[in-house]
Amino acid sequence: MRPPIHVIGMTEAGLDGLAPAARAALESADVIWTSERLKAALPEALQRRAHVWPKPFALPRDAIAMARDAGRHVAVLASGDPFRFGVGVLLAEAFGPAALSVHPAPSAFALAAARLGWPLQRVETLSLHGRPVELLHRHLRPAARLMLLTGGAETARAVGELLTETGFGGSTAHVLAHLDGPQERHLTLTAHDLATASVPDLHVLALELAAEDGAAWWPLAPGLPDDMFVHDGQLSKRHVRAMTIPRLLPAPGRTLIDIGAGCGGICVEWLRLAGPDATAHAIERDAARGEMIAANARRLGAPHLRVHHGEAMNTLATLPPADALFLGGSVGDDALRAAARARLKPGGVLIAHAVTLGAQRALLTCQARFGGELARLSVETEAAIGPHSALKPALPVLQWVWEKP
């Protein structure tokens, strides 16, 4: 029987902070995989058995498997809780939970909450380590408490800049450095000052958000104002987006394809709601609009949106199957509609919109042949008429919603 992989969490307290079973597993290991920082904290005898993660990071699955097959004892030394934005998740996916013997330490978030007296169940936690700082946009709201893992001092300054630019520069930032170690420090400053501050690379950043008048924030709900987007007019309007995006079921782990994405209204809002563990692909043949999509994704908290510049049919063929698909352009193209249906997973949802009579006839034909739901979306908004105002109707949109059997 192959020996288990010991997954050991360690704080800045070092070996002395390990539980007896965790320390025994580490000291008896034939092979240790860890980071450069944690390797440097080990005594020389253990350093000789330690291997550093490759850069860019990739789990050395084959090397670990070969060591286990040879009967060697493998330990993975991680920071804090290995299953809190850590390597434990990748190990469980690669080898299965039964192959692991896990010895967690307190996570950096748990240590930070203990220092600040914050109830973690009321704090939003996220990692910006190796991720775009623009992910923070979707978490901005007055009086929110956030805890962030960052990529170092540079990321912390970028957070300060983003908060200042969006009207949250007066927020309180706690930099909790080297938690649980002899060099532990707690710095408190404003987000505005954080933008230019020199802080230790190893830290948790805890934020108490305070919004200034006119701060740029919106709740996690569909239907952002049209003027929040950079666009040239090719944008699904606010009320239509509010009625459409919930039908596309945004959720973590799901995949959306937006064909003819225009300036990104549907795909950006969908991904903003679904979060960083979801995937969205925007297909747009106009290069200038593709740049607008990317800009909107960054400024609205969905920087991981994938923008594809090219013809819809060719591009669609290269993408993985989707849980949801939105067709906002070329609705009258029979071949494209067929390809879109084929690209959906079983149980996936396709929504198509049509404004012109030709496109609407195509959707009526689809509904008659494949089933699904038809609805007419009609919105009237206030507009000036001379010295008066009246409700002005927008062009109605015919919506077809189809679920793949």
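The values are calculated or read from the model by the stated rules, or taken from the named source; none is laboratory data. None of the values given here were measured: they were computed from a predicted structure. Every residue, glycine among them, receives a Cβ derived from its backbone with ideal geometry; neighbour counts consider all protein chains shown.
Is it the case that some residue within region 252-261 is surrounded by fewer than 18 Cβ atoms within 10 Å (Cβ to Cβ) and outside the structural domain of Leu135 (by TED's automatic domain parsing)? There is at least one residue in region 252-261 that is surrounded by fewer than 18 Cβ atoms within 10 Å (Cβ to Cβ) and outside the structural domain of Leu135 (by TED's automatic domain parsing).
Could you say whether any residue in region 374-385 is free of Cβ contacts under 8 Å to residues at least 60 places away in the same chain and in a helix (DSSP H, G or I)? Scanning region 374-385, I find no residue that is free of Cβ contacts under 8 Å to residues at least 60 places away in the same chain and in a helix (DSSP H, G or I), so the answer is no. Note on region 55-87: among residues that are part of a loop (DSSP other than H, G, I, E, B) and hydrophobic (A, V, I, L, M, F, W, C), the one that is nearest to Thr150 (Cα to Cα) is Phe85.
For region 1-54, a residue qualifies if it is of a type outside the set (A, V, I, L, M, F, W, C) and assigned to a strand (DSSP E or B), and the qualifying residues are His6, Gly9, Thr34, His51. Do we find a residue being crowded, with 18+ Cβ neighbours inside 10 Å, farther than 23 Å from Leu273 by Cβ and modelled with pLDDT of 95 or more anywhere in region 124-137? Looking through region 124-137, none of the residues is crowded, with 18+ Cβ neighbours inside 10 Å, farther than 23 Å from Leu273 by Cβ and modelled with pLDDT of 95 or more. Given the condition acidic (Asp, Glu), surrounded by 15 or more Cβ atoms within 10 Å (Cβ to Cβ) and modelled with pLDDT of 95 or more, answer yes or no: does some residue in region 87-106 qualify? For region 87-106, residues acidic (Asp, Glu), surrounded by 15 or more Cβ atoms within 10 Å (Cβ to Cβ) and modelled with pLDDT of 95 or more: absent. Among the residues of region 168-198, those that are surrounded by fewer than 22 Cβ atoms within 10 Å (Cβ to Cβ) and assigned to a loop (DSSP other than H, G, I, E, B) comprise Gly169, Gly170, His178, Asp180, Gly181, Pro182, Gln183, Glu184, Ala195, Thr196, Ala197, Ser198. The condition of being over 18 Å from the mean Cα position of the chain (by Cα) and not in a helix (DSSP H, G or I) does not hold for Val240.
Is it true that some residue in region 159-167 is modelled with pLDDT under 95 and crowded, with 18+ Cβ neighbours inside 10 Å?
No - not one qualifying residue is present in region 159-167.
Suppose the filter is surrounded by fewer than 15 Cβ atoms within 10 Å (Cβ to Cβ), in contact with an Asp or Glu (Cβ under 8 Å, 6 or more places away or on another chain), modelled with pLDDT of 95 or more and over 30 Å from Asp286 (Cβ atoms); does Gln121 pass it? No, not satisfied.
Candidates in region 318-334 are the residues that are at pLDDT 95 or above and aliphatic (A, V, I, L, M); of these, the one that is surrounded by the most Cβ atoms within 10 Å (Cβ to Cβ) is Leu325. A search for C-beta distances below 9 Å between a residue of region 79-96 that is among the basic types (Lys, Arg) and any residue that is assigned to a loop (DSSP other than H, G, I, E, B), counting only pairs 6+ apart in sequence or on different chains, returns Arg84/Pro104; Arg84/Ser107.
The one condition from (1) closer than 17 Å to Ala261 by Cα; (2) in contact with a Ser or Thr (Cβ under 7 Å, 6 or more places away or on another chain) that Pro320 does not meet is (1).
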